[in-house]
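Computed from the coordinates by the stated procedures, all read-outs in this text should not be read as laboratory data. Just so it is clear, the structure is predicted and the values come from calculations on it, not from any experiment. Neighbour counts run over all protein chains shown; Cβ positions are idealised from the backbone, glycine included.
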Amino acid sequence: MSNYSTIEVGWHKSPRFKYHPGFILLYLGGVSIWMAYKFSFLLHIPCPVKILLHLPCISCGSGRSIQALMQGQFTTAIKYNPLFTMTIFVGFILGFTAIFQILTRLRIRISLPNPLPHFYTQVAITLFLMNYIYLIWFKI
């Protein structure tokens, strides 16, 4: 990753089926949606971590969040597990860019500034901790 002072967005030519994380997410998303419809009872299995420790794990509320998303209740899905819901939306964006790459042979490139060596790792850890505190605070 380059050292840029601003965020740069651009396009570059790529082979038609060059690896893109969106391809994997599209496949996993499709299989997950199929399983959620086919085996919806699996979304009601209680969390073993919450049963044993009486504390929510980082993914507690994800099953209810998936059900709410499938019913079109986006605000309810975010209330059940905000980080999981945002991860699904990022997956849709990556899936869209993969389809875009197949159709146009162009790949979207976003270059972010690199202010500190471990800044993005610290942001990710902070988001996980905030999500965990949210799950504990609201007793999800």
query: In what sequence do 64, 105 fall when counting other Cβ within 10 Å, fewest first?
result: 105, 64
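Cα gyration tensor of the range 63-116, axes a ≥ b ≥ c as square roots of the eigenvalues: rounded (a/c below 1.5), prolate (a/b > b/c) or oblate?
Oblate.
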statement: Log10 I(q)/I(0) at q = 0.21, 0.27 Å⁻¹ for the range 27-66, from Debye over equal alpha-carbon scatterers, is -0.70, -0.91
P(r) tail fraction, the range 11-137 - alpha-carbon pairs more than 26 Å apart, %: 37
field: Karplus 3J(HN,Hα) series, Hz, for the range 93-103 with 6.51 cos²θ - 1.76 cosθ + 1.60 (x for Gly, Pro)
entry: 5, 5, x, 4, 5, 5, 5, 4, 5, 5, 6
